[in-house]
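Asks: Input: one structure, supplied below.
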Ligand code: 1GP
């Protein structure tokens, strides 16, 4: 099974997935081995690699290490077409559906296509919807797009449904890395109930309860970046935290 098929299978078995997002720019390289040990012991099922601005060589170095030292599938989560490494297992081929910047809707995909054709990477077309989070996130700044209003559930749903109709295989609801507010649970629920493709949720989730809440609302895969970056013991200590969200 390829990675997309594994995600579909997990969804049909109601098995929830967890990706740790590693931004090569923020890695403390001298502590990488220790970090990889922690990842191997964590409940993560996938490693996502990428960031809004990352140099291709650093991305390549990190993926080489990941492939040597973990067994988890490594999926590129690119900020732009320079972030492609043939050593990864797959790439989320993103289209920033919430924005109206043609570069992130189609131009970068056109630039990436011939490069991807020369690799064996599994290309997974993914609709990417940025939701307003209460602070300006790097995705919004770098992509020069406006996130969708977190109250406008109808617009978010219509965007997700359009993305599904366009043939996207996954739908990513993103509050942005380091978001003050994560994607509202009601929004996750509405989207998950009204599209058939798997739903990824990330941005601003800082504790295990937040992960569980997103799963309960219908997320198939949750992405954790900053919380693990700031604290590599996250999955050990987070178990003791009990913070319930009210939205
Ligand atoms: C960002 O969804 C990911 O693209 C993860 O966000 O860094 O806030 O966990 P955090």
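The values are calculated or read from the model by the stated rules, or taken from the named source; none is laboratory data. Here the structure is a predicted model, which is why all the values come from computation and not from measurement. Because the Cβ atoms are built from the backbone with ideal geometry, glycine has one as well, and the counts that use them run over all protein chains shown.
Asks: Here are the criteria: (1) touching a helix residue (DSSP H, G or I) at 6+ places or on another chain (Cβ under 9 Å); (2) within 24 Å of residue 76 (Cα to Cα). Tell me which single one residue 216 does not satisfy.
Replies: (2)
Asks: Let me ask another. Check residue 91 against each of (1) closer than 18 Å to residue 120 by Cβ; (2) surrounded by fewer than 22 Cβ atoms within 10 Å (Cβ to Cβ); (3) under 17 Å from the mean Cα position of the chain (by Cα) and name the one condition it does not meet.
Replies: (2)
Asks: Evaluate the following for residue 123: is it touching a helix residue (DSSP H, G or I) at 6+ places or on another chain (Cβ under 8 Å) and either within 16 Å of the ligand (Cβ to nearest atom) or free of Cβ contacts under 8 Å to residues at least 12 places away in the same chain (or both)? Break it down stepwise before answering.
Replies: On the way: touching a helix residue (DSSP H, G or I) at 6+ places or on another chain (Cβ under 8 Å): yes; either within 16 Å of the ligand (Cβ to nearest atom) or free of Cβ contacts under 8 Å to residues at least 12 places away in the same chain (or both): no.
Here the answer is no, as residue 123 does not meet what is asked.
Asks: I would also like to ask the following. Hey, among the residues in the stretch 179-190 that are farther than 24 Å from residue 51 by Cβ and free of Cβ contacts under 8 Å to residues at least 60 places away in the same chain, which one's nearest to the ligand (Cβ to nearest atom)? First the steps, then the outcome.
Replies: Within the stretch 179-190, the first condition is being farther than 24 Å from residue 51 by Cβ, and the residues that meet it are 184-187, 189-190.
Of the ones still in play, those that are also free of Cβ contacts under 8 Å to residues at least 60 places away in the same chain are 187, 189-190.
Details: 187: 14, 189: 18, 190: 19 Å.
Among those residues, the one meeting the criterion is 187.
Asks: Here is a follow-up. Look at residue 151 and say whether it is within 11 Å of the ligand (Cβ to nearest atom) and at pLDDT 95 or above. Can you show your working first?
Replies: Details: within 11 Å of the ligand (Cβ to nearest atom): no; at pLDDT 95 or above: yes.
Answer is no for this residue.
Asks: Related question: Among the listed residues 161, 212, 193, which satisfies the condition of being without any contact (Cβ under 8 Å) to a residue 24 or more places away in the chain and either within 16 Å of the ligand (Cβ to nearest atom) or closer than 28 Å to residue 123 by Cβ (or both)? It would help to see each step written out before you state the result.
Replies: On the way: 161 fails: without any contact (Cβ under 8 Å) to a residue 24 or more places away in the chain; 193 fails: without any contact (Cβ under 8 Å) to a residue 24 or more places away in the chain.
Among 161, 212, 193, only 212 is without any contact (Cβ under 8 Å) to a residue 24 or more places away in the chain and either within 16 Å of the ligand (Cβ to nearest atom) or closer than 28 Å to residue 123 by Cβ (or both).
Asks: Tell me which residues, restricted to the stretch 14-30, are touching a residue at least 40 places away in the same chain (Cβ under 8 Å) and either within 14 Å of the ligand (Cβ to nearest atom) or within 17 Å of residue 233 (Cα to Cα) (or both). Talk me through it step by step, then tell me what you get.
Replies: Going through the stretch 14-30, the residues touching a residue at least 40 places away in the same chain (Cβ under 8 Å) turn out to be 16-23, 26.
Within the stretch 14-30, 17, 18, 19, 20, 21, 22, 23, 26 meet the criteria.
Asks: Next up: Filter the stretch 196-206 for residues that are in contact with a strand residue (DSSP E or B) (Cβ under 6 Å, 6 or more places away or on another chain) and more than 13 Å from the ligand (Cβ to nearest atom); which is nearest to residue 13 (Cα to Cα)?
Replies: 198
Asks: Considering the stretch 215-233 alone, what residues qualify as being within 13 Å of the ligand (Cβ to nearest atom) and farther than 20 Å from residue 25 by Cα? Explain how you work it out, then say what you get.
Replies: Restricting attention to the stretch 215-233, the residues satisfying the condition of being within 13 Å of the ligand (Cβ to nearest atom) are 219, 221-231.
Those that are within 13 Å of the ligand (Cβ to nearest atom) and farther than 20 Å from residue 25 by Cα: 219, 221, 222.
Asks: Something else: Among the residues of the stretch 146-183, which ones are assigned to a loop (DSSP other than H, G, I, E, B), surrounded by fewer than 20 Cβ atoms within 10 Å (Cβ to Cβ) and out of contact with any strand residue (DSSP E or B) (no Cβ under 6 Å at 6 or more places or on another chain)? Spell out how you get there, then give the answer.
Replies: Let us first name the residues in the stretch 146-183 that are assigned to a loop (DSSP other than H, G, I, E, B), namely 146-147, 149-152, 166-169, 175-183.
Going one step further and asking which of them are surrounded by fewer than 20 Cβ atoms within 10 Å (Cβ to Cβ), we end up with 146, 149-152, 166-167, 169, 178, 180-181.
146, 149, 151, 152, 166, 167, 178, 180, 181 - these are the residues of the stretch 146-183 that are assigned to a loop (DSSP other than H, G, I, E, B), surrounded by fewer than 20 Cβ atoms within 10 Å (Cβ to Cβ) and out of contact with any strand residue (DSSP E or B) (no Cβ under 6 Å at 6 or more places or on another chain).
Asks: Go through the stretch 2-44 residue by residue and tally those that are in a loop (DSSP other than H, G, I, E, B), surrounded by fewer than 17 Cβ atoms within 10 Å (Cβ to Cβ) and on the phi < 0 side of the Ramachandran plot. Show your work before the answer.
Replies: In the first step, residues of the stretch 2-44 are kept if they are in a loop (DSSP other than H, G, I, E, B); the result is 2, 13-16, 23, 27-28, 42-44.
Now drop any that are not surrounded by fewer than 17 Cβ atoms within 10 Å (Cβ to Cβ), which leaves 2, 13-15, 28, 43.
So of that shortlist, the ones also on the phi < 0 side of the Ramachandran plot come out as 2, 13, 15, 28, 43.
Final tally of qualifying residues: 5.
Asks: Counting just the residues of the stretch 164-178 that are over 13 Å from the mean Cα position of the chain (by Cα) and on the phi < 0 side of the Ramachandran plot, which one comes out farthest from the ligand (Cβ to nearest atom)?
Replies: Residue satisfying both the conditions and the ranking: 165.
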